[in-house]
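Heads up, the thing below is written out as structure tokens.
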Amino acid sequence: MSGHTSYRTYWITWGVLLVLTLSMLFVEATPFTRILAVLFLVAAMMVKAFLIGGWFMHLRFEKPALVIPIVFGTLLTVAFLFFLIAIDGAAMLRMAEP
Amino acid sequence: MEVPTTDVASAEAGWEGGVSPFGVSWQKLMMWIFLVSDALLFAGFLAAYGFERLASPMWPEQSEVFPMGVIALMTFVLITSSATMATAVGAAHRADLRKATRYVLLTALGGLVFLLFQVNEWTGLIREGASLSSNPWGPPTFSSFFFMITGFHGTHVLIGVIILLLVALRVGAGRTAGSGVELAGLYWHFVDLVWVFIFTCFYLI
């Protein structure tokens, strides 16, 4: 870690994470359009992940040489994995339909 | 054979080529490599779960199976423990070892509370008839994915609690510097990070 984050910043991050979690629970319990609810939940999940990675794990203080492979390398691999499998899963469901 | 002094110095620094390209110690770099590989393992679990959900004609409504209030409380405990861990790392870097020990112990307590909630959740579902191969709510894979994913995450929490207790002992005895607390902190935040994905993908979507 090349910089010191104030204790206050950690607890502000905690507060934002908490608000995001509560809003996710609210959206899940409210009868929104399914696609809108899923989009909101995924967006909130990603914001929470970036807050934890950047502020709690101090990635925002690290060199780009470390951050880029960790963040973008992992995200790209995971996104690739999910989309390939999702397409396959949806195709199997269509095949199973009468 | 006697090792030349310059070689010893470069070996201690951890890099043979001069300046560290990543600007972190080798311990921290190794921890990141471990965390990325572990993240891909969890991603594999969640991707397999996503596949199963998309390929299944019906899937149980999570809010009818899981006690969402308890899940929300578990999430609150884990997020709070991440904040206490970050405070412990900050205190260790400021050489405030008493505060660091106190917050590491608070974090371990948070982990234990989370595990107790999880044991309660598991026993409740097992009593209702859920197992690795069947459940009363829908496809058998629903409960097998539940036990696999939350069990794997819970094991990480348990290991994290043990690591934190060891770190607290070492910090209390003055045998671990700030970097030791930071490494434990990275692992603990990762456990929290994984829960963010499990909470959203498994319990909410």
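Per residue of B:87-95, what is the mean number of Cβ atoms on other protein chains within 10 angstrom of that residue's Cβ?
3
Could you derive backbone 3J(HN,Hα) for the stretch B:51-59 from the dihedral phi with the Karplus parameters 6.51, -1.76 and 1.60 (θ = phi - 60°), listing whole Hz in sequence and x where the residue is Gly or Pro?
Going residue by residue, I get 4, 4, 5, 5, 8, 8, x, 9, 9 Hz, with x marking Gly and Pro.
Ordered by residue, what ³J(HN,Hα) values in Hz, to whole numbers, does the stretch A:75-89 give under the Karplus form 6.51 cos²θ - 1.76 cosθ + 1.60, where θ = phi - 60° and Gly and Pro are x?
Whole-Hz 3J(HN,Hα) from phi for the stretch A:75-89: 4, 5, 4, 5, 4, 4, 4, 5, 5, 4, 6, 5, 4, 5, x.
For the stretch A:10-54, what does the alpha-carbon gyration tensor say about shape, rounded, prolate or oblate, given a ≥ b ≥ c as the root eigenvalues, a/c under 1.5 as rounded, and a/b over b/c as prolate?
oblate
Work out the FRET efficiency for B:V113 and A:V16 from their Cβ-Cβ distance, taking R0 = 22 Å, and round it to the nearest 0.05.
FRET efficiency, B:V113 to A:V16: 0.50.
Counting other Cβ atoms within 10 Å, which chymotrypsin sites (Phe, Trp or Tyr not before Pro) in the stretch A:1-97 have at most 15 and lie in a DSSP loop?
A:F32
Using just the alpha carbons, could you tell me how many Å³ per residue the convex hull of chain A encloses?
Given the Cα convex hull of chain A, per-residue volume reads 100 Å³.
Where does chain B land at 222 nm, in deg cm²/dmol rounded to the nearest 500, when only DSSP H runs of n ≥ 4 count, each adding -39500 (n - 2.57), divided by all residues?
Calculated at 222 nm, the ellipticity per residue is -26000 deg cm²/dmol.
To the nearest 0.05, how large is the calculated FRET efficiency for B:A95 and B:L165 if R₀ is 22 Å and r is the Cβ-Cβ distance?
Computed FRET efficiency for B:A95 and B:L165: 0.55.
From the phi angles alone, apply the Karplus equation (6.51, -1.76, 1.60; θ = phi - 60°) to the stretch B:32-48 and give each ³J(HN,Hα) in whole Hz, x where the residue is Gly or Pro.
5, 4, 4, 5, 5, 5, 5, 4, 5, 5, 5, 4, x, 4, 5, 5, 5
Need one value for A:83-89: mean number of C-beta atoms belonging to other chains within 10 Å of its residues' C-beta atoms.
For this peptide, the per-residue mean of nearby foreign Cβ atoms is 5.
Where the only charges are on Cβ atoms (+1 Lys, Arg; -1 Asp, Glu), what is the dipole of chain A about its Cα centre, to the nearest 20 debye?
I would put it at about 280 debye.
What is the gain in length, in nm to one decimal, between A:S23 and A:L36 on full extension, counting 0.36 nm per residue of separation less the C-alpha to C-alpha distance?
Taking A:S23 through A:L36 to full extension adds about 3.3 nm, to one decimal.
Using the Kirkwood formula on the Cα atoms of the stretch B:74-205, what hydrodynamic radius do you get, in angstrom to one decimal?
About 15.6 Å for the stretch B:74-205.
Shape verdict for the protein assembly as shown, please, from the Cα gyration tensor: rounded (a/c under 1.5), prolate (a/b greater than b/c) or oblate.
Because a/c hits 1.5 or more and a/b exceeds b/c, the protein assembly as shown counts as prolate.
Where a number appears in this text, it was derived from the coordinates with a stated rule and is not lab data. Because the structure is predicted, anything quoted here is derived from the model rather than measured. No Cβ is skipped: glycine too gets one built from the backbone with ideal geometry, and neighbour counts run over all protein chains shown.
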